[in-house]
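To start, the structure itself, in structure tokens.
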Amino acid sequence: MNTMDLTALIPAEDVRDAARAEALATLAQLRWHYEVGGLTLPDGARFEGARVATDRDSQQRIAMVAQAGTARRWKTQTGWLTLSPAALQDLAERVALHVQAGFDAEHQVAGQIATAPAPEALDLTAAFTAALLAP
């Protein structure tokens, strides 16, 4: 049986680069799940606390319908809404801001990964969540 430790043959920089690449891939998955995971809208006359799908098809449909400028019935994950042109525009903007928040959080955490001496030690879920909550 061979007991040679082959890790000694791999330069530390290569190990860090591989850990960094893996962390960035994991971070991209966290962002994607956030992006397409849906959005709960605020209570009130317009949205009634509805939960809206934010997968890529839904993002495109919402943006397209908002541009049409006419009132529409919209089926959310929690029921039907009748939305005025202004409410549809508001919905499209909220979805766009939701998506952008995910990318902004990913960018912030990617910077942490880039400078971390041990990227594999980062708690990416906690860092991503903190970045989303940051002002």
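Summary table
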read-out	value
Extreme residue, nearest to ASP55 (Cα to Cα), among residues of the stretch 94-135 that are loosely packed, with under 14 Cβ neighbours inside 10 Å and among the hydroxyl-bearing types (Ser, Thr, Tyr)	THR125
Residue ID - surrounded by the fewest Cβ atoms within 10 Å (Cβ to Cβ), chosen from residues in the stretch 41-93 that are assigned to a helix (DSSP H, G or I) and in contact (Cβ under 8 Å) with a residue 40 or more places away in the chain	ASP90
Hey, VAL95 within 22 Å of the chain's Cα centre (by Cα) and either modelled with pLDDT under 95 or closer than 30 Å to GLU13 by Cβ (or both) or not	no
Filter result for LEU30 (modelled with pLDDT of 95 or more and surrounded by 11 or more Cβ atoms within 10 Å (Cβ to Cβ))	yes
Subset tally (residues that are within 30 Å of GLN29 (Cβ to Cβ) and not aliphatic (A, V, I, L, M)) for the stretch 46-78	16
Cβ-Cβ under 6 Å pairs, at least 6 apart or on other chains, the stretch 123-135 side over 17 Å from VAL99 (Cβ atoms) and hydroxyl-bearing (Ser, Thr, Tyr), far side surrounded by 15 or more Cβ atoms within 10 Å (Cβ to Cβ) and at pLDDT 95 or above	none
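The values are calculated or read from the model by the stated rules, or taken from the named source; none is laboratory data. This is a predicted model, so every value here is computed, not measured. Counting neighbours? That spans all protein chains shown, and the Cβs are built from the backbone with ideal geometry, glycine included.
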